[in-house]
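*Asks:* Please find one structure pasted underneath; my questions will follow.
Bear in mind these aren't lab numbers, they're just calculated from the coordinates by the rules spelled out. This structure is a prediction, so every number in the text was calculated from the model and none was measured. Note: ideal-geometry Cβ built from the backbone for every residue, glycine included; neighbour counts use all protein chains shown.
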Amino acid sequence: MFAIYSPEDFPKWTEDGMADYRQAFGIQVVMKAHTWTELKGQDGEGLGWKMEYFNNWVDAAGDAKETFHSCKDVATRIVGDFKERGLRFANLDKITAKEKKEIETQAEEVNLNFRRKFVQRFEISFRERLQANPGRLTPNAYEEECYKILGMTPPEIVARPQAPQAQQVVVQPDPAMIQDMVRLELEKQLGASPKGA
């Protein structure tokens with residue numbers, strides 16, 4: 001029985017929906033983190049999938065072709081480009097428990113190295129952004145997950161103390177003083193002396 005080991009969950013879900021999933025030959029495989037996912041095929045016995053496709057959609061009836069994809073083919077294709085993420089596959093009927101454990105350990109180590117690269121990439125982007133270059137100041141969901149799994153904290157913008165600002169003091173005027181000022185200005189305008197009032 002062929003199975004795929006994954007150190008991460010696939011598919012990954014984000015606010016926008018499904019963001020990252022593994023599929024081959026049109027067959028999507030749902031995997032849970034740190035577990036082996038057995039490939040059972042169409043028959044449920046682990047042989048594979050029989051698929052029909054058409055080269056010509058106009059005359060589909062006469063152009064049908066069948067292909068067969070074994071579980072090993074599907075596992076090889078799914079793991080193929082994602083070995084760096086720690087995906088591994090094996091025929092569980094033909095390996096020992098010790099070999100299975102070694103595969104799991106190696107997959108977890110490779111996945112942690114992959115996550116370290118993501119953290120490093122974000123931190124470079126963060127520093128670039130602080131220097132007014134293109135970059136990002138906040139990590140995305142996967143980068144946050146990487147920080148959490150690696151036991152690290154994302155960089156933060158340092159809050160530098162601000163220079164003290166000059167405070168303006170607002171003085172509420174006295175109503176009697178305003179009346180005196182208005183009276184004096186009125187007398188000045190009319191040409192009368194302030195003493196004759």
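*Asks:* Only counting other Cβ atoms within 10 Å, I'd like 169, 74 sorted with the fewest neighbours first.
*Replies:* With the fewest neighbours first, 169, 74 line up as 169, 74.
*Asks:* Just to confirm the filter: which trypsin sites (Lys or Arg not before Pro) across region 94-188 are DSSP coil and have at most 10 other Cβ within 10 angstrom of their Cβ? Write out the running numbers ahead of the final one.
*Replies:* Details: sites: 94, 98, 100, 101, 115, 116, 117, 121, 127, 129, 136, 148, 183, 188; in loops: 94, 136.
Counting only loop positions with at most 10 other Cβ atoms within 10 Å, the trypsin sites (Lys or Arg not before Pro) in region 94-188 are 94.
*Asks:* Further question on the same structure: Order by neighbour count: 6, 70, fewest other Cβ atoms within 10 Å first, most last. Can you show the working numbers first?
*Replies:* Working: 6 26, 70 15.
Least to most surrounded, the residues fall as 70, 6.
*Asks:* Hey, got a sec? Which GluC sites (Glu not before Pro) in region 85-172 land in a DSSP loop and have at most 13 other Cβ atoms within 10 Å?
*Replies:* Numbers: sites: 99, 102, 104, 108, 109, 123, 128, 143, 144, 145, 156; in loops: 156.
Taking region 85-172 and a limit of 13 other Cβ atoms within 10 Å, the loop GluC sites (Glu not before Pro) found are 156.
*Asks:* Something else now. Please list, in chain and number order, the residues 5+ apart from residue 22 or on another chain whose amide H is under 5 Å from its amide H, with Hs placed from the backbone.
*Replies:* Placed amide hydrogens put 29 under 5 Å from residue 22.
*Asks:* Please compare each pair in 72/148; 32/98; 72/100; 32/72 to a cut-off of 25 Å on the Cα-Cα distance and tell me which ones are over it.
*Replies:* Among 72/148; 32/98; 72/100; 32/72, the Cα-Cα distance tops 25 Å for 72/148.
*Asks:* What spacing in nm lies between the two simple spin-label points modelled at residue 156 and residue 116, each 7 Å away from Cα in the Cβ direction?
*Replies:* 2.6
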